[in-house]
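Below: one structure, written as structure tokens.
The values are calculated or read from the model by the stated rules, or taken from the named source; none is laboratory data. Quantities reported herein were computed from a predicted structural model and do not represent experimental measurements. Only protein heavy atoms, including side chains, enter the accessible area calculation; ligands, DNA and RNA are left aside. Shrake-Rupley method; radii C 1.70, N 1.55, O 1.52, S 1.80 Å.
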Amino acid sequence: MSKSGGEFIALNLAVLTISDKRDASNDTSGDYLREAATEAGHQVVDHAVIGDNRYRIRAIISRWIASEDVQVVIINGGTGFNSQNSTPEALLPLFDREIQGFGELSRMFSYEDIGSASLQSRAVAGMANQTLIFAVPGSTSACQSAWERIINEQLDARTRPCNFVKHLKKL
């Protein structure tokens, strides 16, 4: 993708870590995503670390979707094939529109790193109430790949031929 000479637009993001093992003291993936977003020029307006429970996930995401202050949500964790992972099940009913290509592209990049194990990634993305939501695997390397190879460009209004900024709620 190329960048035009247009203007950068800072967005308001929220970051959610789904983990039954991590907390705020050792949330390396959430830390990475918040730092990367801030370095890119965006504002992280909220973040949380919670256990893998689809109803708690929905409650927090629903609050952010309804908020006038959150334009983008990035979730890490809970996307694996393990029966305890429920992030996709929590999110899919909330989406107004799913972004199927995100999961496909994420798995393609993951395949370069981990081979056929990438089949077990259930990374998803969608829009709800003009809020963009990305859910990526919980490993820090997967978060880095998703941010650097997909999300960062799609949150930059200068990215051509298209990006998601014009679809987001206005602040």
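Computed over every Cα-Cα pair of the range 48-99 and binned at 10 Å starting from 0, the pair-distance distribution P(r) comes out as 23, 59, 17, 1 percent. Computed extension length for residue 84-residue 43: 11.6 nm, one decimal, from 0.36 nm per residue of separation with the Cα-Cα distance subtracted.
How much mean residue ellipticity at 222 nm does the chain get from its helices, if each DSSP H run of length 4 or more adds -39500 (n - 2.57) and you divide by all residues, to the nearest 500 deg cm²/dmol? Walk me through the intermediate numbers first.
Details: 5 runs with 52 residues, N = 171.
It comes out at -9000 deg cm²/dmol, rounded to the nearest 500.
Where does the range 127-171 land on Rg(C-alpha)/(2.2 N^0.38 Å)?
So the Cα radius of gyration is 1.25 times the expected 2.2 N^0.38 Å.
Rounded to the nearest Hz, the phi-derived 3J(HN,Hα) couplings of the range 41-55 under the Karplus curve 6.51 cos²θ - 1.76 cosθ + 1.60 (θ = phi - 60°) are x, 8, 10, 8, 9, 6, 7, 7, 10, 9, x, 7, 9, 4, 6, where x marks glycine and proline. What is the percent carbon and sulfur in the accessible area of the range 36-167, measuring with a 1.4 Å probe over the protein chains and ignoring ligands? For the range 36-167, the apolar C and S fraction of the accessible surface comes to 48 percent.
Considering only the range 14-171, what is the antiparallel percent among its DSSP beta bridges, to the nearest 5? It would help to have the intermediate numbers written out before the result.
Values: 7 of 21 bridges.
The antiparallel fraction comes to roughly 35 percent.
Note on residue 81: accessible area approximately 140 square angstrom, rounded to 10, probe 1.4 Å, nucleic acids and ligands left out.
Rolling a 1.4 Å probe over the protein heavy atoms gives the range 25-79 an accessible area of 44 Å² per residue. Scaled against 2.2 N^0.38 Å for its residue count N, the alpha carbon radius of gyration of the chain is 0.95. Taking amide H atoms as placed 1.01 Å from N in the peptide plane, the amide H of residue 124 lies under 5 Å from those of 135, each 5 or more residues away in sequence or on another chain.
In square nanometres, what is the average projected area of the Cα convex hull of the range 92-171? Walk me through the numbers on the way to the answer.
On the way: hull surface 23.1 nm².
Projected area, direction-averaged: 5.8 nm².
Translational diffusion coefficient, Stokes-Einstein: compute it for the range 1-75 using the Kirkwood radius over C-alpha pairs as Rh, at 20 °C and 1.002 mPa s, and state it as an integer in µm² s⁻¹.
Working: Rh = 13.4 Å.
For the chosen part, D equals 160 µm²/s.
Counting only protein chain heavy atoms and rolling a 1.4 Å probe, the accessible areas of 111, 32 rank, largest first, as 111, 32.
The slack between residue 158 and residue 26, meaning 0.36 nm per residue of separation minus the straight C-alpha distance, is 44.1 nm.
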